[in-house]
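Report on one structure; see the data block that follows.
The values are calculated or read from the model by the stated rules, or taken from the named source; none is laboratory data. For clarity, every value in this text was computed on a predicted model and none was experimentally measured. Don't worry about glycine lacking a Cβ; one is built from the backbone with ideal geometry, like all the others, and counts go over all protein chains shown. Note: areas computed on protein heavy atoms with side chains; ligands, DNA, RNA excluded. Shrake-Rupley method; radii C 1.70, N 1.55, O 1.52, S 1.80 Å.
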Amino acid sequence: MSIIDLQNITHVYQSGGEKTVAVNDVSLTLAEGTSNALIGPSGCGKTTLLNIISGLLTPTEGKVLIDGKDVTELPPQGRDIAQVFQFPVVYDSMDVYGNLAFPLRNRGAPEEEIDERVQVTAELLGLEDRLHVNPANFGPEWSQLVSLGRGIIRHDTTALLFDEPMTDVDPGRKLTLRRRISQAQKRLEVTSLYVTHDQHEALTFAEKAAVMKDGEIVQYGSPEELYERPVSTFVGNFIGSPGMNFIDCEFAGEDLKIGKFTIPINESMRDNLDSSWTGLELGVRPNLVNVYDEPEGGGEIPAKVTLTEHLGSYQIITLEMEDIGTVVKAELPLEEKTDVGSEKFIGLTPENIMLFHNGEAIENGKK
Ligand SMILES: Nc1ncnc2c1ncn2[C@@H]1O[C@H](COP(=O)(O)OP(=O)(O)O)[C@@H](O)[C@H]1O
Ligand SMILES: [Mg+2]
């Protein structure tokens, strides 16, 4: 258990004459014993940042502190961090027992202690029935558990890092692996960072997630914060499935205008808007779009259903607002009638919407 503190980390790769700023002035503190996720699109710098934490890379600038100690220049062996990579790393010349025991044997631990630690670790990860099987004989999800086991078998593991560990795992097996990883993390209470480009994976694993874009961390918060209060249209769109809807609008001095339609807003929103602004967008989560069969007293925007997707316990419908040339997605209960081609009316209320100026959230008017 450790506090991991990243201070103004920048990493620039130089290959040939080309410079790539992979990580750009990232500062982030992971509290002791917490599970964290790092999410963002491919190429945004996640692996680079993870390797800087584990010591596989030394950053161009900035500091890595573990429990207040500067470890920036320390190699991985000096950090006691366990790292699980995209593709499982197991020794197929040994059975699962041998793989788990390896780090302890390497340090010359007594066989009795090794045996005890192997049993405890195998039980934690659900590997106890497979100790004498060669890991090459079963699927990548098991190999990943063996890799993880090798990382946590020592008592002094300070942190757990995962770099897209599900990449090679069959979709049907992902849930089981994720559950085991998560259980192990909770039992051990080890400070963890789980890297993925899949928000669903991230938000089911982590108490807090950092969203990364172009080498920068744009928001770090709980799943609820990221969902309910995204700091930008990027986060609003990236988090949520489907993401937040965005509609161009204008501030008309009193209320918002979307084309010829008026959207009421509240006092605090009004105080923070300027009628000279361009680049104003209204954001609304699909589950907060009010969809009516008939106009509800004015202000609703007519829209036609163009697509209906049934997703288990709810449906997502796509609505085209022909008058303003914009599409929105709405999440509705399955029992709602939503035939393709039918006419609906969309209601947007101040409590259900967020406003963005040039892509940044206007939080109660404060930008
Ligand atoms: N060894 C390297 N040399 C040069 N550029 C690299 C190297 N590794 C990664 N990059 C570049 O750095 C950026 C971030 O890469 P990476 O950290 O792997 O992102 P992610 O893990 O989010 O996909 C990308 O533009 C990638 O092409
Ligand atoms: Mg990566």
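So for the range 219-347, averaging the separation of alpha carbon pairs under 8 Å that are six or more residues apart and normalising by length, what relative contact order in percent results?
22
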Response to the item:
Candidate cut points under GluC sites (Glu not before Pro) in the range 52-159, DSSP loop plus at most 11 other Cβ atoms within 10 Å of their own Cβ, are E73
Worksheet entry | Percentage relative contact order, the range 4-238, counting C-alpha pairs under 8 Å, at least six apart | 28
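Rolling a 1.4 angstrom probe over the protein heavy atoms, how many square angstrom per residue are accessible across the chain? Please list the in-between numbers first.
Values: 17290 Å² over 367 residues.
On a per-residue basis, the chain sits at 47 Å².
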Item to complete: For the chain, with a Gaussian network of springs between Cα atoms less than 10 Å apart, report the residue from T196, T167, T158 with the top mean-square fluctuation.
Response: T167
Practice prompt. First compute the accessible area of the chain with a 1.4 Å probe, then give the percent of it belonging to carbon and sulfur atoms.
Written response: 46
Fill in: Cβ-derived FRET efficiency at R0 45 Å, N290 paired with T204, nearest 0.05
0.95
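Please work out how much length the chain gains when fully extended from F102 to V12, using 0.36 nm per residue of separation minus the C-alpha to C-alpha distance, in nm with one decimal.
Working: separation 90, 0.36 × 90 = 32.40 nm, distance 3.48 nm.
Extra length from F102 to V12 when fully extended: 28.9 nm.
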Item to complete: Would you mind telling me which residue in V26, V218, V340 has the biggest mean-square fluctuation in a Gaussian network model of the chain, where springs connect alpha carbons within a distance under 10 angstrom?
Response: V340
Discussion item. To make sure I understand the rule: partners must be lysines, Cα under 25 Å from the Cα of K213, and not fewer than 8 residues away in the same chain. Which ones qualify?
Written reply: K19, K46, K63, K329, K366, K367
Worksheet, complete the sentence: quick shape note, the chain: Cα extents on principal axes in Å, largest first -> 78, 46, 39
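Under a 1.4 angstrom probe, counting protein chains only, how are E294, E281, E343 ranked by accessible area, largest first?
The residues order as E294, E343, E281, largest area first.
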Response to the item:
A student asked for the Cα radius of gyration and Dmax of the range 1-138 in angstrom ought to give 18.2, 55
Fill in: Protein-only accessible surface order, largest first, of Y292, Y97, Y194 at 1.4 Å
Y292, Y97, Y194
Worksheet, complete the sentence: In degrees, nearest 10, the alpha-carbon axis of helix 96-106 is tilted away from the dominant principal axis of the alpha carbons of the chain by 70
Discussion item. Nearest 500 deg cm²/dmol is fine: what mean residue ellipticity at 222 nm does the chain get from its DSSP H runs of n ≥ 4 alone, each adding -39,500 (n - 2.57), divided by its residue count?
Written reply: -7000 deg cm²/dmol
Discussion item. Report the Cα-based extents of the range 245-361 along its three principal axes, largest first, to the nearest Å.
Written reply: 42, 25, 22
Worksheet item: Cα centroids of the range 156-177 and the range 213-235: how far apart, whole angstrom?
Response: 23
Item to complete: Please go through the range 207-261 and write out the trypsin sites (Lys or Arg not before Pro) that DSSP classes as loop and that have at most 14 other C-beta atoms within 10 Å.
Response: K260
Worksheet entry | GNM result for the chain, Cα springs below 10 Å: residue of G325, G151, G17 fluctuating most strongly | G17
Worksheet item: Which whole-Hz couplings ³J(HN,Hα) result when phi for each residue of the range 201-218 is put into the Karplus expression 6.51 cos²θ - 1.76 cosθ + 1.60, θ = phi - 60°, listed in order with x for Gly and Pro?
Response: 4, 4, 6, 7, 8, 9, 6, 9, 10, 9, 9, 10, 8, 6, x, 10, 8, 8
